[in-house]
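Q: Structure incoming, see below.
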Amino acid sequence: MKYKRKEKYKTLEAQLAAVKENGFAIKYIHNPLEEVQLKAVKDCGGAIEYIHNPSEAVQLAAVKQDGYAIEHIDNPSDEVQLEAVKEYGLAIEYIHNPSEESQLEAVKQHGRAIEYIHNPSEDVIDFLKNEHIEIFDEHFEEVNNDSPVEKHIPAEVWLDGYNLGDEMIDKGLTKAYLGGKKAQW
């Protein structure tokens, strides 16, 4: 004998009531209508994690409620990126290749957002230099008196109990950084 799971939220009214009580209830609704999706993310932006292929409108509503909801959005548009960082600047951590406008908004919201921007635009660097000099000085140094470059930040990466850097050096894949200028390899 085969069994089928009962659909708990069959009607639109039942679905809306469920997400009104708790936006994460959308997790238990099969193929919710956009109206239900919007209600869920307006209550709890993180509920977007349980929505398959959310529309742009649902994405925008989610990040406006909680900027970190962008973590669960694949390839967000520039508008969705911008709204996420407007809500919370550090949400840029979850945006791959953020637009220049999103980068600038993120550092305006929270100067430390620069830690998550891999290729900051010149406008972002200039903003930090003018508005958050202490953060600028932590992350950049002047080269040729006009071109800031990122500072080298030493770090260790451990994987399964092994220092990945040491393993790469042992296998001849890289050389140890001992400070100063890069030696010819």
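Q: Restricting attention to the stretch 83-92, does a residue exist that is aliphatic (A, V, I, L, M), over 14 Å from the mean Cα position of the chain (by Cα) and modelled with pLDDT of 90 or more?
A: No - not one qualifying residue is present in the stretch 83-92.
Q: Scan the helices (runs of 4 or more DSSP H) fully inside the stretch 49-144 and keep the ones with 2 or more residues being among the charged types (D, E, K, R), surrounded by 16 or more Cβ atoms within 10 Å (Cβ to Cβ) and out of contact with any His (no Cβ under 8 Å at 6 or more places or on another chain).
A: 78-87, 100-109
Q: Based on this model, can you work out whether Lys129 counts as over 29 Å from Glu13 (Cα atoms) and basic (Lys, Arg)? First the steps, then the outcome.
A: Details: over 29 Å from Glu13 (Cα atoms): yes; basic (Lys, Arg): yes.
Yes: the conditions hold for Lys129.
Q: Just checking, how many residues over the stretch 150-176 are surrounded by fewer than 12 Cβ atoms within 10 Å (Cβ to Cβ) and either acidic (Asp, Glu) or at pLDDT below 60 (or both)?
A: So the answer is 7.
The values are calculated or read from the model by the stated rules, or taken from the named source; none is laboratory data. Values in this document were obtained by computation on a predicted structure and should not be read as measured data. All Cβ positions, even for glycine, are placed from backbone atoms using ideal geometry, and neighbour counts span all protein chains on display.
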